[in-house]
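**Student:** Pasting a structure here, questions to come.
Values in this text are rule-based calculations from the coordinates and carry no lab data. All figures in this text were calculated on a predicted structure; none of them were measured in a lab. Note that each Cβ is placed from the backbone with ideal geometry, even for glycine, and that neighbours are counted across all protein chains shown.
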Amino acid sequence: MTKNLQVLLASRPTGPVEESNFKIVESDIPKPGGGEVLVKNLWLSLDPYMRGRMNAAKSYAKYVEIGDVMVGGTVGQVIESNNPKFRIGDHVVGSLGWQLYAISNGEGLNVIEPHIVPLSAYLGVCGMPGVTAWFGLLEYCAPKAGETVLVSAASGAVGGVVGQLAKMQGCRAVGIAGGPKKCEYAVKELGFDACVDYKAGKLIDDLKAACPNGVDAYFENVGGEIMDASFRLLNPFSRVALCGLISDYNRPEAYGVKMLRALLVNRVKLQGFIVFDRQDLYPKAVAHLVNAVAAGKIKYHETIAEGLRSAPRAFMGLLKGENLGKQLVKLA
Ligand SMILES: NC(=O)c1ccc[n+]([C@@H]2O[C@H](COP(=O)([O-])OP(=O)(O)OC[C@H]3O[C@@H](n4cnc5c(N)ncnc54)[C@H](OP(=O)(O)O)[C@@H]3O)[C@@H](O)[C@H]2O)c1
């Protein structure tokens, strides 16, 4: 143990994120006080929501202040403990930010079992993104066997789980993703029935071909033109789970939705949601996902950046679609 390394928010981006928005600093490793633990972070999760936290805007969670450590989900190991709930050596998942060592009072920190699924899975398929998929699909898309479920950003951390859960419900799972490699992964590795490459330039025609019976449930991760095109496929009384709008995050101005009429004439039920809305369901969802992954029933892919210093670059790549599956940073 020598020094701590931290990534701070140096400035707020006005459009696409740049390396200069971050500052990497060395500092002393902190000492835990009464009731606190010192955690050595092993894995850092990079997620689209972090882009929102870089803006000083009102949202469902407080933004990061300039000079503060970037917010982020982590898996680590307790190396000092003054808290009876945590023993030295425990593996823990929490939100300890873009840094190698962190102090926690135990709030929001959960001990995880390191031998059932790989530790990194607790940040992806068995963590916040997986729970988002589980919760948004089962609660808000409410899919029934035989229905068609469409999901955007289908090869990503959330979308990949949505498609596989939809298949388990007996649905036709159709994805939308950027490029043939991602579409092939969704179909061949994850078992989607079809995946439409939105970069191929004929989105509406390809969606119609992939969804011959229309769309009964749409899990929205992207927004923009992809959302407008997908709205045109919605069946009467279909459901939309509005999970994310990643195509808007780097835009100075939000995209103007054009196809709201499709929601009206088809009497569509749309629900925006945040994964932490139903804390009561969280442990149940994690248990289900851990069991399904351990049994090989849910598959996943990780894109891994090496070392904390690579985090800004990897995050910029995530917002441009450079990742396949869950974007992580390996810290140790
Ligand atoms: N509501 C919640 O509680 C909650 C929780 C977790 C995540 N989310 C949201 O869910 C969405 C997916 O998150 P994730 O963690 O699974 O990320 P991800 O899919 O693993 O990675 C982001 C993907 O988004 C796509 N993308 C990026 N920029 C895009 C653009 N301009 N247009 C179209 N697609 C673009 C890229 O895939 P392609 O190459 O296929 O375009 C990229 O790989 C995000 O919108 C996120 O904010 C919401």
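**Student:** Stretched out fully, how many nm does the piece from residue 142 to residue 202 gain, at 0.36 nm a residue minus the Cα gap?
**Tutor:** Gain in length upon complete extension: 18.7 nm.
**Student:** In addition: Sort 192, 231 so the one with the fewest other Cβ atoms within 10 Å of its own Cβ comes first.
**Tutor:** If I rank by nearby Cβ atoms, fewest first, I get 231, 192.
**Student:** Tell me, what are the semi-axes, in whole angstrom and largest first, of the equivalent ellipsoid of the chain as set by the roots of 5 times the Cα gyration tensor eigenvalues?
**Tutor:** Rounded to whole Å, the semi-axes are 35, 22, 17.
**Student:** Compute the FRET efficiency between residue 254 and residue 232 as 1/(1 + (r/R0)^6), taking r as their Cβ-Cβ distance and R0 = 22 Å, and round to the nearest 0.05.
**Tutor:** Efficiency, rounded to the nearest 0.05: 0.65.
**Student:** Where does the chain land at 222 nm, in deg cm²/dmol rounded to the nearest 500, when only DSSP H runs of n ≥ 4 count, each adding -39500 (n - 2.57), divided by all residues?
**Tutor:** -6000 deg cm²/dmol
**Student:** Over the Cα atoms of the stretch 282-332, how large are the radius of gyration and the largest Cα-Cα distance (Dmax), in Å?
**Tutor:** Answer for the stretch 282-332, Rg first and Dmax second: 13.7, 35 Å.
**Student:** Now for a separate question. Kindly express, to the nearest 10 degrees and within the range 0 to 90, the angle between helix 282-294's C-alpha long axis and the longest C-alpha principal axis of the chain.
**Tutor:** For 282-294 against the chain, the angle is about 80 degrees.
**Student:** Show me 40-49, 114-123 ranked by packing, highest mean number of other Cβ atoms within 10 Å first.
**Tutor:** 40-49, 114-123
**Student:** Let's see if you can work this out: charge +1 on each Lys and Arg Cβ, -1 on each Asp and Glu Cβ, no other charges. What is the dipole magnitude of the stretch 127-242 about its Cα centre, in debye to the nearest 20?
**Tutor:** Once rounded to the nearest 20, the dipole reads 140 debye.
**Student:** I'd like the GluC sites (Glu not before Pro) in the stretch 174-262 restricted to DSSP loop residues with at most 10 other Cβ atoms within 10 Å, sorted by number.
**Tutor:** Filter output for the stretch 174-262: 253.
**Student:** Go through the stretch 124-195 and name the trypsin sites (Lys or Arg not before Pro) that are in a DSSP coil and have 12 or fewer other Cβ atoms within 10 Å of their Cβ.
**Tutor:** Filter output for the stretch 124-195: 144.
**Student:** About the Cα centre, and with charges only on the beta carbon of Lys, Arg (+1) and Asp, Glu (-1), how big is the dipole of the chain? Nearest 20 debye, please. Write down the numbers at each step before the final one.
**Tutor:** Details: 36 positive and 31 negative charges, 100 e Å.
Roughly 480 debye for the chain.
**Student:** Can you pull out the cysteines in the chain that have no other Cys Cβ under 4.7 Å?
**Tutor:** Cysteines of the chain left without a disulfide-compatible partner: 126, 141, 171, 211, 243.
**Student:** Taking +1 at the Cβ of each Lys and Arg and -1 at the Cβ of each Asp and Glu, which of 233, 321, 198 sits farthest along the dipole of the stretch 194-332 towards its positive end, judged by Cα position relative to the Cα centre?
**Tutor:** Towards the positive end, the residue furthest out is 233.
**Student:** In whole Å, what is the distance between the alpha-carbon centres of the stretch 82-116 and the stretch 293-314?
**Tutor:** Taking the Cα centre of each part, the stretch 82-116 and the stretch 293-314 sit 19 Å apart.
**Student:** Taking the Cα centre of the stretch 17-145 as origin, work out the dipole magnitude from +1 charges on Lys and Arg Cβ and -1 charges on Asp and Glu Cβ, in debye rounded to 20.
**Tutor:** Here the size comes out at about 300 debye.
**Student:** What residue among 89, 76, 127 has its Cα farthest toward the positive end of the dipole of the chain, where the charges are +1 on Lys, Arg and -1 on Asp, Glu, each on the Cβ?
**Tutor:** 127
**Student:** Which of 11, 46, 60 sits closest to the plus end of the dipole of the stretch 1-137, meaning its Cα is farthest towards the positive end, when Lys and Arg get +1 and Asp and Glu get -1 on the C-beta?
**Tutor:** 60
**Student:** Radius of gyration and Dmax for the stretch 23-94's Cα atoms, expressed in Å?
**Tutor:** 14.4, 38
**Student:** If the chain between residue 287 and residue 2 were fully stretched, how many nm would it gain, using 0.36 nm times the residue separation less the Cα-Cα distance? Could you put the intermediate results ahead of the total?
**Tutor:** Working: separation 285, 0.36 × 285 = 102.60 nm, distance 3.64 nm.
Full-extension gain reported as 99.0 nm.
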